[in-house]
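K.L.:
Take a look at this one; I'll ask things after.
The values are calculated or read from the model by the stated rules, or taken from the named source; none is laboratory data. Just so we're clear, the structure is a prediction, and the values are computed from it rather than from any experiment. Using ideal geometry, Cβ is built from the backbone for each residue, glycine included, and neighbour counts are taken over all protein chains shown.
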Amino acid sequence: MSSRRPSERRGSDRRGSGMSSRRPSIDPSRLVPMDKTTHIGGGDDFNVVFIGAGNIMFGSEEGPWNHSFRFEHKLGPRLKVVALIDPAIERATAVLQKKCESFVVSAYQDTRVFKTLEDFVKNMAPRDKPRAVVVGSPPMFRGTLEPGRDIEMQILKYFPGVAMFIEKPIATGPRHEIEDGYKIAKAISDSNTICSVGYMLRYLKAVQMMKQIIEENNLTVMTTIARYACAYEKAAKPDWWDKSRSAGPVIEQGTHFCDLSRYFGGEVDISTVSAHSLEWDENAGKLSKMCIDESVIAPENRIPRATAATWKYDSGAVGSFTHIVALHDTNYSCELEVYADGYQLKLVNPYVQPTLYVRKPGDEMEHAIRFPDDDPFFSEISNWIDIIEDIEEDPEAAQILSSYEDAVKTYELTWAIREASERSRAAKLQAGADAAKAQKAETA
């Protein structure tokens, strides 16, 4: 049976609240599938507040995300969701009703629904104080210091010291609000709050094996090459196709692979980011399977069909990322390649059936290592809860792999890619206009 670590251990590096030269990692053998674990022991209730009643929190047919399901398995009968915060009261009430009709009724039978966190605080009994808050609200409503979009600062104000789990990306607001993100990161770090951001691909066993190979062989990464090709046919949310609402696919969707690139390559020299895009009004950018009416979106806010970016890391290594809106049906096609002297590490299909292809010195063949039924969503939640609980077993057993500050840096990179591609497009349009003007002058 695991024992609890004294409270002063909570200041350790396991929390991942700050950045260091060596990015945190976990022995891949410690990432155990959810169906091979039992719920965490103890007799006391574990109070949780869920902010957001959407798909990320309660699941959907579109993907494997469903935080509530992982919490139920990790905490078992100890889980008590004391509040569900969502302005859409009817939706929140509906998902709670489904939970209360299932075998996990004990976690939700006393859950109350509130429109805002402030409403919950005003009506909270002492016994309802949370041990953890999970933020799964849309990114456009968080990650800033603006009232109504400052949920992280509200949590720090009302519940100092209470652990936070925050979904990615940390925001999808205007570029100038990135500075707010760094201020929030500092406030979280200064308060010694346990905080994890949901870049779940870092918790893949395949990703941690890549880290293990690099560390055990004392390798220096030379380049990262990432590709994210999404299947757009089922993308039925108009907001996703509107840059003014979603901030665009690189920021909202490609963020996972920009984050993985940083995880292996290190910090990016933002001044070196260069990018080009294929736009909706170019011949190759016309799509045949769109399920929304793009004509209702202002032309300047329509998303690019492809974006290709390159940059330099502070280490001298180079990175590249390509995001593509092209595939039909439902399955995406995503890959990340990491190169070091003598080594090629290639992660394929991380969302569905992760496979790692490894080429080492002395062997020109790629060797495939498959990871069936890996669940990084559970691993990230499980590690975060272990740190909250201060499980004694081994100080290396649980690590937070993405701090808030780290997530802000990924957000900054994705914005830099978008801006670089928009500058390239503007320059091309201006060059075309200048050429047309010059030709007109010649024929006048």
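K.L.:
Within the stretch 207-214, is there a residue that is over 22 Å from Val48 (Cα atoms), under 18 Å from the mean Cα position of the chain (by Cα), in the same structural domain as Thr355 (by TED's automatic domain parsing) and among the basic types (Lys, Arg)?
P.N.:
There is no residue in the stretch 207-214 that is over 22 Å from Val48 (Cα atoms), under 18 Å from the mean Cα position of the chain (by Cα), in the same structural domain as Thr355 (by TED's automatic domain parsing) and among the basic types (Lys, Arg).
K.L.:
Would it be correct to say that Ile381 is closer than 30 Å to Asp45 by Cα and either without any contact (Cβ under 8 Å) to a residue 24 or more places away in the chain or surrounded by 12 or more Cβ atoms within 10 Å (Cβ to Cβ) (or both)? Write out each step before concluding.
P.N.:
On the way: closer than 30 Å to Asp45 by Cα: yes; either without any contact (Cβ under 8 Å) to a residue 24 or more places away in the chain or surrounded by 12 or more Cβ atoms within 10 Å (Cβ to Cβ) (or both): yes.
Yes: the conditions hold for Ile381.
K.L.:
Examine the stretch 238-257 for a residue that is assigned by TED's automatic domain parsing to the domain that holds Cys291 and more than 17 Å from Pro139 (Cα to Cα), and state whether such a residue exists.
P.N.:
Yes, because at least one residue in the stretch 238-257 is assigned by TED's automatic domain parsing to the domain that holds Cys291 and more than 17 Å from Pro139 (Cα to Cα).
K.L.:
So which residues in the stretch 101-135 are among the polar types (S, T, N, Q) and within 29 Å of Arg149 (Cβ to Cβ)? Spell out how you get there, then give the answer.
P.N.:
Kept after step one, since they are among the polar types (S, T, N, Q), are these residues of the stretch 101-135: 102, 106, 109, 111, 116, 123.
Once the filter is applied, which keeps residues that are among the polar types (S, T, N, Q) and within 29 Å of Arg149 (Cβ to Cβ), the stretch 101-135 yields Thr111, Thr116, Asn123.
K.L.:
Residue under question is Ala420, and the condition is that it be over 19 Å from Gly198 (Cα atoms) and part of a helix (DSSP H, G or I); does it hold?
P.N.:
Numbers: over 19 Å from Gly198 (Cα atoms): yes; part of a helix (DSSP H, G or I): yes.
Spelling it out, Ala420 is indeed over 19 Å from Gly198 (Cα atoms) and part of a helix (DSSP H, G or I).
K.L.:
Looking at Leu75, is it at pLDDT 75 or above, touching a strand residue (DSSP E or B) at 6+ places or on another chain (Cβ under 7 Å) and closer than 26 Å to Asn192 by Cβ? Spell out how you get there, then give the answer.
P.N.:
Working: at pLDDT 75 or above: yes; touching a strand residue (DSSP E or B) at 6+ places or on another chain (Cβ under 7 Å): yes; closer than 26 Å to Asn192 by Cβ: yes.
It is true that Leu75 is at pLDDT 75 or above, touching a strand residue (DSSP E or B) at 6+ places or on another chain (Cβ under 7 Å) and closer than 26 Å to Asn192 by Cβ.
Conditions (1) surrounded by fewer than 16 Cβ atoms within 10 Å (Cβ to Cβ); (2) of a type in the set (A, V, I, L, M); (3) free of Cβ contacts under 8 Å to residues at least 24 places away in the same chain, marked per residue:
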position	(1), (2), (3)
Gly265	no, no, no
Ser274	no, no, no
Trp280	no, no, no
Ser288	yes, no, yes
Cys291	yes, no, no
Pro299	yes, no, yes
Arg305	no, no, no
Ala309	no, yes, no
Val325	no, yes, no
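K.L.:
Kindly indicate which of Thr410, Thr414 is touching a Ser or Thr at 6+ places or on another chain (Cβ under 9 Å), within 23 Å of Ser191 (Cα to Cα) and outside any loop (DSSP other than H, G, I, E, B).
P.N.:
Details: Thr414 fails: within 23 Å of Ser191 (Cα to Cα).
Matching residue, one of Thr410, Thr414: Thr410.
K.L.:
So, one more: Would you point out the residue of the stretch 328-349, among those that are out of contact with any Asp or Glu (no Cβ under 8 Å at 6 or more places or on another chain) and among the hydrophobic types (A, V, I, L, M, F, W, C), that is surrounded by the most Cβ atoms within 10 Å (Cβ to Cβ)?
P.N.:
Val338
K.L.:
Hey, another quick one. Select from the stretch 57-102 the residues that are charged (D, E, K, R) and in a helix (DSSP H, G or I) and write down the one among them that is farthest from Ala235 (Cα to Cα). Write out each step before concluding.
P.N.:
The initial filter retains those residues of the stretch 57-102 that are charged (D, E, K, R), namely 61-62, 70, 72, 74, 78, 80, 86, 90-91, 98-99, 101.
After this cut, where a residue has to be in a helix (DSSP H, G or I) as well, the list is 70, 72, 74, 78, 90-91, 98-99.
Details: Arg70: 25, Glu72: 29, Lys74: 31, Arg78: 37, Glu90: 24, Arg91: 21, Lys98: 26, Lys99: 27 Å.
By that ranking, first place goes to Arg78.
K.L.:
Name every residue in the stretch 164-203 that is over 25 Å from Val48 (Cα atoms) and either acidic (Asp, Glu) or over 13 Å from the mean Cα position of the chain (by Cα) (or both), in order of residue number.
P.N.:
Going residue by residue through the stretch 164-203, those that are over 25 Å from Val48 (Cα atoms) are 172-180, 182-183.
Gly173, Pro174, Arg175, His176, Glu177, Ile178, Glu179, Asp180, Tyr182, Lys183 - these are the residues of the stretch 164-203 that are over 25 Å from Val48 (Cα atoms) and either acidic (Asp, Glu) or over 13 Å from the mean Cα position of the chain (by Cα) (or both).
K.L.:
Okay, moving on. Which of the residues that make up the stretch 217-247 are more than 25 Å from Lys312 (Cα to Cα) and either crowded, with 22+ Cβ neighbours inside 10 Å or not hydrophobic (A, V, I, L, M, F, W, C) (or both)? So that I can check it myself, show each step before the final result.
P.N.:
Pass one, the stretch 217-247, residues more than 25 Å from Lys312 (Cα to Cα): 230-246.
Matches in the stretch 217-247: Tyr232, Glu233, Lys234, Lys237, Pro238, Asp239, Trp241, Asp242, Lys243, Ser244, Arg245, Ser246.
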